[in-house]
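> Quick one: this structure, given as structure tokens, is what I'll be asking you about.
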Amino acid sequence: MAGAFGTVPALGEPRLGDRWRLRALVGPPTGPPPRPGERTYAVRAAAGGPELLLDVHRVFAHPVRACYPFGAHDLVVGLVLPGPDPAGSGRALAARLLRDLVPALFALDPRCRRVVAAPDEDDTAGRLALAEGGFRRVAEADLPGGSVVLFAAEPPRITALSTALDDMPH
């Protein structure tokens, strides 16, 4: 995709290994086709269990772009957990998926420096799944659709950088 961010590769399919079954979905028949920076999947553990819906977007193609100074290769993920789940098994499944997904996304685009998620402020199960899946809570933000909580995951090459003033070039 070319534009304000130069040439950014279209998203490929993340490789999650043998633990997950990933099925690409096409948008609704009456809706617009997905843009180059968007992918939607149905994901199920290879061992069976409930199906999760997963959206992966380039941040610049998503409203969350207003929340932080993003990079052209940054990604945003969205998860839809299975219906009522008093035992929390859907949340645990989502956390396992996120722990496998994030490294796969960084491998898919080595220039990606951050994977973010922005669940609704009232989505307790989603927020817990993100935290258990390795995401850090960063901030709260107001988007056109409502208030969200911004979570982020960064590759070790980014998190290992020192932010101490003495380590900054002068």
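> Which net charge results for the neighbourhood of G71, defined as the other residues with beta-carbon distances under 9 angstrom from its beta-carbon, given Lys and Arg at +1 and Asp and Glu at -1?
+2
> Give the ranking of Y41, Y68 by solvent-accessible surface, highest area first, calculated with a 1.4 Å probe.
Result of the area sort, largest leading: Y68, Y41.
> Within the set of other residues whose C-beta is less than 12 Å from the C-beta of E154, count the net charge using Lys and Arg as +1 and Asp and Glu as -1.
Overall, the nearby charge balance is +3.
> Which one of L79, F106, A139 is farthest out on the positive end of the charge dipole of the stretch 47-170, using unit charges on Cβ (Lys, Arg +1; Asp, Glu -1) and the Cα centre as origin?
Of the options given, the answer is F106.
> First select every other residue whose beta carbon is under 13 angstrom from the beta carbon of A141; then total the charges, Lys and Arg +1, Asp and Glu -1.
Once positives and negatives cancel, what remains is -2.
> Now for a separate question. Efficiency by 1/(1 + (r/R0)^6): what FRET value for R96 and D166, r their Cβ-Cβ distance, R0 = 35 Å, to the nearest 0.05?
E(calc), rounded to 0.05, equals 0.35.
> What figure, in Å² to the nearest 10, do you get for the accessible area of D55 with a 1.4 Å probe and non-protein molecules left out?
50 Å²
> Once you have a ≥ b ≥ c as the square roots of the Cα gyration tensor eigenvalues for the stretch 48-100, tell me rounded if a/c is under 1.5, and otherwise prolate or oblate according to whether a/b is larger than b/c.
Prolate is the answer for the stretch 48-100, as a/c is 1.5 or above and a/b outweighs b/c.
> Still on this structure: In the full protein assembly as shown, how much of R21 is accessible to a 1.4 Å probe, in Å² to the nearest 10?
About 130 Å², rounded to the nearest 10.
The values are calculated or read from the model by the stated rules, or taken from the named source; none is laboratory data. Keep in mind the model is a prediction, meaning the values are calculated, not measured. We place every Cβ from the backbone using ideal geometry, glycine too, and count neighbours over all the protein chains shown. These area figures cover heavy atoms from the full protein model, side chains too; ligands, DNA and RNA do not enter into them. Shrake-Rupley method; radii C 1.70, N 1.55, O 1.52, S 1.80 Å.
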